[in-house]
Every structure is written in structure tokens, then in C-alpha cells.
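What follows is a single structure, written as C-alpha cells, with notes after it.
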Amino acid sequence: GVLRHVPGFVRLVLQRGSHPDMRWTAEELDCFAQSFRSHDHALASSRVYRSFLTRELPRLKKGHYRSQRLTVPTRILAGEADPVIRADILAGYEPYADDMSVEILSGCGHFVAEEKPDIVVERARQLFGPVAASS
């Protein structure tokens with residue numbers, strides 16, 4: 001479909017979902033677009049989004065998970081300019097989670113790992129602890 005055969009679509013999604021100050025290089029955009037040229041990669045991505053939109057999102061809206069608790073330590077990093085995961089929809093998690101935090105990153109859009117990789121690594125190290133030395 002579109003992900004496989006229209007690399008310009010992938011580039012557009014990356015650019016529109018990013019903070020306006022994010023400057024993707026042509027090589028970075030091409031690398032992301034190229035990863036979807038594989039039938040399996042494109043199909044997997046399409047199915048993940050379709051499953052979320054058709055199964056999980058309706059369940060979330062109906063409060064399906066309100067009777068459950070999130071017990072694993074969880075950290076959510078979201079960009080202030082994310083057009084999908086906005087701060088207002090992340091609010092109100094406290095009664096449902098034992099150890100969770102939400103951090104809204106300035107100067108960042110939807111692609112947190114690509115736009116703010118140093119912060120992602122720092123928060124992961126804080127959550128998981130230091131890396132053990134290999135013997």
C-alpha cells in the first residue's frame with residue numbers, strides 16, 4: 001500500500017508529526033521511508049495502527065481498563081507539539097498507576113526517540129539503572 005509504494009507519504013508523516021523546529025536530513029527521511037519498502041515492515045506497521053484504532057482506542061474510550069491497575073514502573077515522554085498524544089489526554093492517570101510519570105518535552109513532536117534521543121536515553125537509564133559491565 002501507501003507505506004510501501006509512496007515513500008513521500010512516510011516523509012510527510014515524519015515532518016508533520018515532528019516539532020516545527022525539527023530538521024530532518026534527506027538521509028534520515030530516506031532511511032525511514034526505505035524501512036517501509038519491505039512488505040513485512042509495511043504490513044506490520046499498518047496492522048499495529050489499525051489494531052489500535054479499531055480495537056484499543058474504542059476500549060480506552062469506553063473505560064474498559066479502569067478497573068485494572070498499571071503496576072510496572074512506567075515513564076511516558078511526549079512532545080509538546082505531538083498532534084496525537086497530547087498532554088490533556090495523558091492527564092488523570094494517577095488513580096490507575098502505582099509508579100508512573102508523564103513528562104512533556106518542549107521542542108518535541110510525536111517522534112520523541114528521534115527528536116530528543118539524549119533525553120530518552122537519560123530517562124531509560126534512570127528507570128532501569130546503570131548498565132552492568134560485561135565479563
Using Cα atoms only, what is the angle between the long axis of helix 7-17 and the major principal axis of the chain, expressed in degrees (0 to 90) to the nearest 10?
40
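Over the chain, give the accessible area per residue in Å² for a 1.4 Å probe, as an integer. Before the final figure, lay out each step's value.
Details: 9700 Å² over 135 residues.
Spelled out: the 1.4 Å probe surface of the chain, per residue, equals 72 Å².
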Considering every Cα-Cα pair within the stretch 74-135, what fraction, in whole percent, is farther apart than 20 Å?
35
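Could you order peptides 17-27, 66-76, 109-119 by the average number of other Cβ atoms within 10 Å of their residues, highest first?
Values: 17-27: 13.1, 66-76: 11.1, 109-119: 16.8.
Packing proxy ranking, top to bottom: 109-119, 17-27, 66-76.
Stretched out fully, how many nm does the piece from ASP40 to SER67 gain, at 0.36 nm a residue minus the Cα gap? Walk me through the intermediate numbers first.
Details: separation 27, 0.36 × 27 = 9.72 nm, distance 3.58 nm.
Length gained between ASP40 and SER67: 6.1 nm.
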Which distance in Å, rounded to a whole number, links the C-alpha centroids of the stretch 83-109 and the stretch 1-73?
18
Dividing the Cα radius of gyration by the Kirkwood radius, what Rg/Rh value follows for the chain?
1.01
In order over the stretch 124-130: 3J(HN,Hα) from phi, Karplus 6.51/-1.76/1.60, θ = phi - 60°, whole Hz, x for each Gly or Pro, gives 5, 5, 5, 6, 9, x, x
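ILE89 to ASP21: extension gain in nm, 0.36 nm per residue of separation minus the Cα-Cα distance? Numbers along the way, then the final one.
Numbers: separation 68, 0.36 × 68 = 24.48 nm, distance 2.36 nm.
Gain in length upon complete extension: 22.1 nm.
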Long-range amide H partners of ALA97 with built H, under 5 Å:
LEU70
Cα axis of helix 39-51 to longest principal axis of the chain: angle in degrees, 0 to 90, nearest 10?
40
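The values are calculated or read from the model by the stated rules, or taken from the named source; none is laboratory data. Please read these numbers as outputs of a predicted model, since none were measured by experiment. Every residue, glycine among them, receives a Cβ derived from its backbone with ideal geometry; neighbour counts consider all protein chains shown. Remember, those area values only see protein heavy atoms, side chains included, never the ligands or the DNA or RNA. Shrake-Rupley method; radii C 1.70, N 1.55, O 1.52, S 1.80 Å.
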